[in-house]
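What follows is a short report on a single structure.
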Amino acid sequence: MSPLIEVTHPRGIYLPEADLWLDPHFGGKRAFISHAHSDHVARHEMTFCSEVTRDLMKTRYGYKSEGEMRVLPMREVVEWEGWELRLLPAGHIIGSAMLHLTRKADGATLLYTGDYKLRQGLSSERCELLHADTLIMECTFGLPQFTFPPTAQVVAQVLKFAQETLEDGGIPVLLGYSLGKAQEILCALAEAGHPVMVHKSIWDMTRAVAPLLGKLPDYRLFDAALAAGHVLLFPPSNGRSIAIKKLKVCRTAMLTGWALQPGARFRYQVDEIFPLSDHADYPELIETVEEVKPRRVWLVHGSTREFAADLRLRGFEAWTLEKADQLELTLQSASPVVRPALEKSADDWGEGSFAQWAAACAQTAEVASRLKKVEVLAGLLKSLPSEDELPLAARFSSGSTGDTPLNTGWSLLKRALIELSAVNEVEYRTISRSQADTGRTAFLVLQRAALSPTPCSLSNVAALFDQLRKAGSQMERVTLIKTRLQHLTAAAGSWLVRL
Ligand SMILES: [Zn+2]
């Protein structure tokens, strides 16, 4: 197996063997620019980019011939200094590209995504992925909470907002970036037939890319005196501008993936907020890694630590590239690669019927088919050592601990987990946020505790639940849970927590 292409991050993403920077924020010697968003554009001695990105840099940012601009065609292999370079559409905005490199000496490959999304946009090409040994990817929305609804559904909500505001005699103001989001909304509004007015920056950008886009609605430059009856399109930075404030009847809506964060509408101080984004959401990020099948993943932007931990749990070697990461290193040393539940051996579960039950639960969670789930559970019931345990297995499998509640809230479980492991509050929160699943959080935390598993039956657990119901104080409950978890494996313990 050929050695992986070296990736470093001195001030930005740098490939030392090729002496090439990837989207650096500062002027450098040789760089690849993935797309024409202003935070990716800088002057370099030599620049690789797509044709559209080059044109936008010239027309919009005034880049003339100070440095050499090398346009790479999409999908075609270009040879360069012992490397094969290939651009792939990134689906982020018009002209956005991923860079695929092959080291000709031994065939080692690398894919750099830049900003991207897998969903088909209205104003950008569909993203295309290619296998690579090393994957450098953005993970702006690398937490499970960022699962966007279908684009058509969001666009329908935006159009409804515009329609209703107009019907009420108001002026709808949609806020989105001048390049990318603005054209995306324009294309969507083309279908609805509303007259549109745009801010100057959106006007200029749209005119620059208009020949490359499909059908656009009639749009005109913003004029406050004539704004009534129009849908307004402004960049987010102008959402609270004087011009907008003067239009007393306007209602504002922000279009951003951050809409899925609790309290986003209040933070952006808008009337409505819709999850329309140019970036990949969490399921798309996972899909990307599964499709590229890399040996190593480097993460940049956003929830890099949490997403790295998540990928490792799925069996990928993944690291954050931008910052040294203490937590990841400790997690890594505790367990080099955490495999999904199905691949765990019997050692991972421990002994006794409770461990058997937990392993069966993990297995049913992994398989999609109902028939297979039933098969797994039937196998478990048949293998139980005592008939007395059948009703317990059935009850626990339905998620019930008994007729009366246990009074063990999540905060109590958290206390038990923290006291049992070496994890501090901050680390706990980081793990918890990255998982958004109590069982998986418990599994990662328990891996860092000194456990001494002993056989545990379903009856033992039922007895624990009785003790918890009778316990006089929270302290007593914490101790009971701690003691039980200490004598289970991390995997089995995580299923006790789920229960
Ligand atoms: Zn971008």
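We did not get these values from a lab; they are worked out from the coordinates using the rules stated. Computed from a prediction, not measured in an experiment: that's the story for all the values here. Don't worry about glycine lacking a Cβ; one is built from the backbone with ideal geometry, like all the others, and counts go over all protein chains shown.
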Karplus-derived HN-Hα couplings along the range 386-400 (A = 6.51, B = -1.76, C = 1.60, θ = phi - 60°), whole Hz, x at Gly and Pro: 10, 5, 4, 8, 3, x, 5, 4, 5, 5, 5, 5, 8, x, 9
Gain in span if fully extended, Arg429 to Asn460, counting 0.36 nm per residue against the direct Cα distance: 8.1 nm
Met98 long-range amide H proximity, modeled H, under 5 Å: Leu88, Ala90
The range 3-17 - phi-based ³J(HN,Hα) in whole Hz, Karplus 6.51/-1.76/1.60, Gly and Pro as x: x, 6, 5, 6, 10, 10, 9, x, 9, x, 6, 9, 9, x, 5
Over 20 Å between alpha carbons, listed pairs Lys373/Lys414; Lys117/Lys181; Lys58/Lys117; Lys181/Lys248: Lys373/Lys414; Lys58/Lys117; Lys181/Lys248
Per-peptide average of other Cβ atoms within 10 Å, ordering 101-113, 5-17 highest first: 101-113, 5-17
Residues whose placed amide H lies under 5 Å from that of Arg70, excluding near-sequence neighbours: Thr47, Phe48, Cys49
Stretch gain in nm, segment Glu322-Lys246, where the contour uses 0.36 nm per residue and the Cα spacing is subtracted: 23.1 nm
Glu51-Lys160 FRET efficiency (beta carbon distance; Förster radius 35 Å; 0.05 resolution): 0.40
Descending principal axes extents, the chain, alpha-carbon based, whole Å: 77, 66, 42
Helical contribution to [θ] at 222 nm, DSSP H n ≥ 4, -39,500 (n - 2.57), averaged over the chain, rounded to 500: -11500 deg cm²/dmol
Calculated FRET value between Glu419 and Ser2, using beta carbons and R₀ = 41 Å, to 0.05: 0.30
Considering only the chain, percent of DSSP beta bridges that pair antiparallel, nearest 5: 35 percent
Gain in span if fully extended, Asp437 to Leu212, counting 0.36 nm per residue against the direct Cα distance: 76.6 nm
Interchain or long-range residues, amide H under 5 Å from Ile13's placed H: Leu22
Given charges at beta-carbon only (K, R positive; D, E negative), |dipole| of the chain in Debye: 1080 debye
Spin-label model distance (nm) - Trp410 vs Asp223, 7 Å beyond Cα toward Cβ: 5.4 nm
Estimated distance in nm for a label pair at Gln474 and Asp106, the labels positioned 7 Å out from Cα along Cα-to-Cβ: 5.6 nm
Phi-based couplings in Hz for the range 309-319 (Karplus 6.51, -1.76, 1.60; Gly and Pro marked x): 4, 4, 5, 5, 4, 8, x, 9, 7, 9, 9
Most positive-pole-ward Cα, Leu380, Thr8, Val173, against dipole of the chain from beta carbon charges: Val173
